[in-house]
Amino acid sequence: MTTGLIGRKLGMTRVFAEDGTVVPVTVIEAGPCRVVQVRAGGVQLGFGARRAIRTTKAELGHAKRAGLEAAPQVLREFPVAGDAPAPGSEVKVDIFAPGERVKVTGTTKGRGFQGVVHRHGFGGGPATHGNTRHRKPGSIGPGTDPSRVIKGKRMPGHMGAARHTELGLTVVKIDADRNLLFVRGAIPGARNGIVTVAKQGGPSRHD
């Protein structure tokens, strides 16, 4: 059985626990995914369908070898626990269970070019008494030694639009009929963004 699925972030809402407490959740359209290829120790899953006019012959041939009519829109590879599913078979959201720990990987929202206050949380300079360096980074390195900017220095630049994995999330609810997965908390990415959901193999920072 595969340990993960490809999905699409639909947005956030809330559900009520049995004791009446409110639980903030992210709704993910997880699968169904078709098995495109079985490899050593893992399987390649496909999600969605790519339009024929945007499909190369190589992509179409790769999909047809698994018995698919159209090439998947997204391909991702996941490890396998136990017996691997057969090519062409379908993997659904029921591989997860309520209360299970998962990790979700997506692409964060792009914020464009940002300064150090927004990008890194710098405190900024004084706001009054004639100061004009309110949101500037300040000194970026000693002039005499080492006479250069140290690698990794936090500076202004492009923010967001990067791959990020959120660990230690809990599955709150599963709707197998509509292929919906309700995960407690927020996940990376914009609405309708592609994400991968995988079983949490080890401890996370939330443990």
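We did not get these values from a lab; they are worked out from the coordinates using the rules stated. Model, not experiment: these values are computed from the prediction. Cβ coordinates were reconstructed from backbone atoms using ideal geometry, including for glycine residues, and neighbour counts include every protein chain displayed.
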| request: Restricting attention to the range 56-74, report how many residues are assigned to a helix (DSSP H, G or I) and closer than 22 Å to residue 195 by Cβ. | output: 2
| task | Note down all Cβ pairs under 8 Å where the first residue falls in the range 149-177 and is under 23 Å from residue 32 (Cα atoms), the second is aliphatic (A, V, I, L, M) and surrounded by fewer than 13 Cβ atoms within 10 Å (Cβ to Cβ), and they're at least six residues apart or on different chains. | result | 171/97; 174/97
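This table checks each residue for (1) loosely packed, with under 11 Cβ neighbours inside 10 Å; (2) of a type in the set (D, E, K, R); (3) within 24 Å of the chain's Cα centre (by Cα).
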{"residue": "146", "(1), (2), (3)": "yes, no, no"}
{"residue": "167", "(1), (2), (3)": "no, no, yes"}
{"residue": "171", "(1), (2), (3)": "no, no, yes"}
{"residue": "179", "(1), (2), (3)": "no, no, yes"}
{"residue": "184", "(1), (2), (3)": "no, yes, yes"}
{"residue": "198", "(1), (2), (3)": "no, no, yes"}
{"residue": "201", "(1), (2), (3)": "no, no, yes"}
| said: Quick test of your reading of the structure: residue 165 fulfils all but one of (1) of a type in the set (S, T, N, Q); (2) assigned to a loop (DSSP other than H, G, I, E, B); (3) closer than 29 Å to residue 25 by Cα. Name the failing condition by number. | reply: (2)
| field | Subset of the range 75-131 [within 17 Å of residue 33 (Cβ to Cβ), of a type in the set (Ser, Thr, Tyr) and not in a loop (DSSP other than H, G, I, E, B)] | value | 105
| task | Take the range 120-137 and flag every residue that is under 36 Å from the mean Cα position of the chain (by Cα) and either in contact (Cβ under 8 Å) with a residue 60 or more places away in the chain or loosely packed, with under 10 Cβ neighbours inside 10 Å (or both). | result | 121, 123
| note | Screening 20, 7, 11 for residues that are exposed (fewer than 13 other Cβ atoms within 10 Å of the Cβ) and in contact (Cβ under 8 Å) with a residue 60 or more places away in the chain leaves only 11
